[in-house]
Amino acid sequence: MEETKKRVVYLDTANATYVNREVLQEMMPTFNSCYGNPDSIHSVGRTARELVEIAKRRIAMAISAEPREIYFTSGVAEANNWAILGLARANKSKGNHVIVSKVEDKSILLACKQLEKEGFEVSYIGCDENGVVSLAQLMGSIKQNTILVSVNVANGEVGTIQNLNAIARTVKEKDIIFHCDASWALGNMPLDVKSIPIDAMTLASDNIYGPKGVAGLYLKKSVEIESFILGEGGKRPDHMNVPAVVGFGKAVELATKEIMVSSHKTKLVRDYLYKSIKEKIENVSLNGHQYQRIANNLNITIDCVDAEALMYMLDEEGICASVCGTRLEPSETLIAMKRTPEQIYSSIRFTVARNVTREDVDYVVEKMVDMVKKLREISPLRKSSKEAK
Amino acid sequence: MYSKKLLELFRDPHNVGILQSASGVGVYEDEKTHEIFKLYIKIENETVVDASFKVYSGVAGIAVMSVLTDMLKNKSLEDAKKLEDKQLLEELGSLEAGKRYLLEDALNSVKLAVEDYEKKLEKESKKKKK
């Protein structure tokens, strides 16, 4: 007897996406026919090198950079670590002060902790209740010895888009290196390093329907960076993961080519999800900026409901969502946004995949209504009519 | 990752809700994680005859309280006071190390519920004496 296939509604693209079919097609030959090491001088190596160069050109074109300004890493954490540690260390002779926002990815915040151990001074700037990084606080934090500022393009947890242009220009006016983490922005909004003065930018593959195990760092050619991995072969040594690099290049090309259409389509589904939840479930509030947010992100607080428990219940019905942080390590972003502990632990993130339909949303919300009711009955935060008496 | 048994208890927890005839109620809030454990116990002849709970916690917290309330039933008050985290863990089957603080949290709610019951008893006996 054929087993019935379980319905899956994927609302966790911030963590990973499926690999686009066209991306996969480009990757396939690199496993068995174009398998060379791009650093080898023989023909098989040169073929692999050409594929890597195509990927670089595609990514460079998408952000108005030059191909030689694109470096590949093993993932976003490595790219962010490299940017923070490598840029600060290489420019230590000019100063030892670094500024980052409190709503950065953990890979940036932890790299900053490492810099502090090495004698650097790090200023962590806050944000407003919508997650928008304070430009005034940033300006007030800049000192004579500031060498590096890093602020995300869009926050991955709550989706808020930062005032990138204003931040970058403020930083560059003072001749300070500016890095931005565009991991969640790429494919959701246009990025242009020519019109905005950006020195370094982290780019992700696995949330734009590209493969895992690869990410990119755009690095302006005039900017000095210390190598993060020691070995033979340029600023970022080691044998390149050619299949992943090729897939990443294609994924960036596709994501940026159809950006306006696909992000608008995703936004409509995301907005429908929020509207439906608000209509069917009371005491739900949005985390992040209402309008200044990336198209696929919906982060909400459902009062009195433990988000981890809800996430597991949703999973049992084939609905994939995510919770940012844990009870022991709560979300730094939501803390910076001055959410109460109850709000933080009752917050769940949905990041809509391209293939999610309005019918899928109806299914999700229908299931959620019962789950929320059940969890609220269990919750002591919710006073029942019996208790109220 | 949670065990099959724990997930079953999470899916279908026992003894959820308010116990209207409770003799003692204990509310423990973990200061660090802000999880809240509310335990209701009904005591007759120094024995826990019924127990129920409400909890603001995740999958493991719900399962732990389900197991705890089952274990409390028909236990003498003295034995209930002596319950240890290892007994809870044994009944639960397994729980990842990072979540074991929940056992202690749940047992703190027992302590507070018993204290509440004993305070009520004391109050009543003072009233009678007057």
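B:R100 versus (1) within 12 Å of chain A (Cβ to nearest Cβ); (2) in contact with a Ser or Thr (Cβ under 8 Å, 6 or more places away or on another chain): which is the lone unmet condition? That leaves (2) as the condition not met. Just one residue in the set A:V284, A:V305 is touching a helix residue (DSSP H, G or I) at 6+ places or on another chain (Cβ under 8 Å), within 14 Å of chain B (Cβ to nearest Cβ) and under 22 Å from A:V372 (Cβ atoms); that residue is A:V305.
Do we have any residue at all in the range B:34-43 that's within 18 Å of A:Y312 (Cβ to Cβ) and in contact with an Asp or Glu (Cβ under 8 Å, 6 or more places away or on another chain)? Yes - at least one qualifying residue is present in the range B:34-43. With a requirement of 3 or more residues that are without any contact (Cβ under 8 Å) to a residue 60 or more places away in the chain, the strands (runs of 3 or more DSSP E) lying completely within the range B:8-93 that satisfy it span B:36-44, B:47-56.
Residue check: A:S93 meets all listed conditions (1) part of a helix (DSSP H, G or I); (2) closer than 16 Å to A:V214 by Cα; (3) of a type in the set (G, A, S) but one, namely (2).
Only residues that are of a type in the set (A, V, I, L, M, F, W, C) and within 12 Å of A:S346 (Cβ to Cβ) were counted across the range A:303-323, and they come to 7. Just one of the listed residues (A:A353, A:A321, A:A336) is modelled with pLDDT under 95 and either under 19 Å from the mean Cα position of the chain (by Cα) or more than 10 Å from chain B (Cβ to nearest Cβ) (or both), namely A:A353.
So which residues in the range A:147-167 are among the hydroxyl-bearing types (S, T, Y) and surrounded by fewer than 24 Cβ atoms within 10 Å (Cβ to Cβ), if there are any at all? Hits for the range A:147-167: nothing passes. Has the range B:61-77 got at least one residue that is within 12 Å of another protein chain (Cβ to nearest Cβ), more than 10 Å from the chain's Cα centre (by Cα) and surrounded by fewer than 21 Cβ atoms within 10 Å (Cβ to Cβ)? No, that holds for no residue.
Being under 28 Å from B:A60 (Cα atoms) and either without any contact (Cβ under 8 Å) to a residue 12 or more places away in the chain or part of a helix (DSSP H, G or I) (or both) is the filter here; which residues of the range A:283-318 pass it? Steps first, answer last, please.
Our first condition is that a residue be under 28 Å from B:A60 (Cα atoms); within the range A:283-318, this holds for A:283-287, A:297-318.
Across the range A:283-318, the qualifying residues are A:A307, A:E308, A:A309, A:L310, A:M311, A:Y312, A:M313, A:L314, A:D315, A:E316.
Taking the conditions (1) more than 14 Å from every other protein chain (Cβ to nearest Cβ); (2) without any contact (Cβ under 8 Å) to a residue 24 or more places away in the chain; (3) over 24 Å from the mean Cα position of the chain (by Cα) in turn, A:E377 satisfies each one other than (1).
Just one of the listed residues (B:E91, B:E96, B:E44) is modelled with pLDDT of 95 or more and either surrounded by fewer than 19 Cβ atoms within 10 Å (Cβ to Cβ) or in contact with a Pro (Cβ under 8 Å, 6 or more places away or on another chain) (or both), namely B:E44.
The values are calculated or read from the model by the stated rules, or taken from the named source; none is laboratory data. Bear in mind that the values here come from a model prediction, so they are computed numbers and not experimental data. Every residue, glycine as well, gets a Cβ built from its backbone with ideal geometry; the counts of neighbours run over all protein chains shown.
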